[in-house]
1. Sorted by mean Cβ packing within 10 Å, highest first, what order do the peptides 113-126, 229-242, 262-275 take?
2. Tell me, rounded to the nearest percent, the portion of alpha carbon pairs in the stretch 206-271 spaced more than 14 Å apart.
3. Over what distance in Å are the Cα centres of the stretch 266-303 and the stretch 31-71 separated?
4. Which lysines, if any, have their Cα less than 26 Å from the Cα of LYS273, not counting same-chain residues under 8 positions apart?
5. Which FRET efficiency, nearest 0.05, do ILE170 and ASP207 yield, Cβ-Cβ r, R0 30 Å?
6. Where the convex hull is taken over the Cα atoms of the stretch 204-313, what is its projected area averaged over directions, in nm²?
7. Could you work out the relative contact order of the stretch 235-307, using alpha carbon pairs under 8 angstrom and six or more residues apart, expressed as a whole percent?
8. Whenever you get a sec, compute what percent of the accessible area on the stretch 202-265 sits on carbon and sulfur atoms (1.4 Å probe).
Amino acid sequence: MSNPPTEAGGAAVGPAAESDGPAAGRRHTALPKARILIEALPWLTRHHGKTVVIKFGGNAMVDEELKAAFAQDVVFLRHAGLRPVVVHGGGPQINAQLERLGLTSEFRAGLRVTTPETMDVVRMVLAGQVQRELVGLLNRHGPLAVGMTGEDAHLMTATRRWAEVDGERIDLGRVGDVSAIDTGAVTALLDDGRIPVISSIARSTEDHHVYNVNADTAAAALAAALGAETLMVLTDVEGLYADWPDSDEVISELTASELEELLPDLASGMVPKMEGCLHAVRNGVRTARVIDGRVQHAILLEIFTDEGVGTMVLPDPPPGAGRTGHTGDRGTAPPGSPAPSEPGGRP
């Protein structure tokens, strides 16, 4: 019997060598990575070219590993063909700076009471510290991120906001609601392949003061104005709890009307977030998602897997359509994709 053919150097070439050699082992080791990419293909197809507005906040803003993971997720979305827009607050950083300056901070109805002195600090911290750090993290991956505030190019116009607590009207100072949005500058950046990073402050056309706009409120208004596919709000909790504090069960999804019924009983810190989600889905945004920002790569898990890490709010279904008639997609895999691994799987 003849010996098997050899290559230069004497290595045997043949079926046995091909199946048992180190190259084959490497191919088999890498195969699961290829499967993961292929499984993501239907979701990449569905979301390609779509605008996603992400409100960055909570613990993800102060934990270095979470900040780095957040930046990676956003850049991944950009390179995967989505159009991400980041809106950020800066509660922890504002609190720290106010404490250093000896200024007290008070919250009413989940919103910061903002005096003119406090507003100066808010503006400085959001536009001069938080935004710059976030832009820097994103730009480690390429010349992508551009920072701006709601003041720039009349992106956001504010009106003074009042709160109501136990039937009493409360003056919140320099706290504003978004009364108008001009998306021109943001759209131009997106069309140029950039990632807008927006600080949630805006100027009023009535008194020309600069107002502190809650970042959840600002992100929701911007998502609606842009006709975004999705609004994503990062939080420090798993999602919207069904019966907190008596239960830690998270509501996986609910409609706008179902959320509206729950709003009066929510903890004050969740109210702006859920009001923002409600505004978004009632003004053209396909889904609004409150996700656990303490989970690394929570954004990718939410968009590209059926795992999910929070609560999804959907527009109300058309009359007579029932729950299956809404425009949400949790539990409904994109065309050509395998069925979700569990009932309630996400796209």
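1. 229-242, 113-126, 262-275
2. 70
3. Cα centroid of the stretch 266-303 versus Cα centroid of the stretch 31-71: 15 Å apart.
4. Filter leaves LYS50, LYS55, LYS67.
5. Computed FRET efficiency for ILE170 and ASP207: 0.95.
6. About 7.9 nm², averaged over all directions.
7. Averaging sequence separation for qualifying contacts and normalising by length gives 35 percent for the stretch 235-307.
8. Answer for the stretch 202-265 is 44 percent, counting heavy atoms of protein chains only.
The values are calculated or read from the model by the stated rules, or taken from the named source; none is laboratory data. Because the structure is predicted, anything quoted here is derived from the model rather than measured. Glycine gets a Cβ as well: all are built from the backbone with ideal geometry, and neighbour counts include every protein chain shown. Side chains included, ligands, DNA and RNA excluded: accessible areas come from the protein's heavy atoms. Shrake-Rupley method; radii C 1.70, N 1.55, O 1.52, S 1.80 Å.
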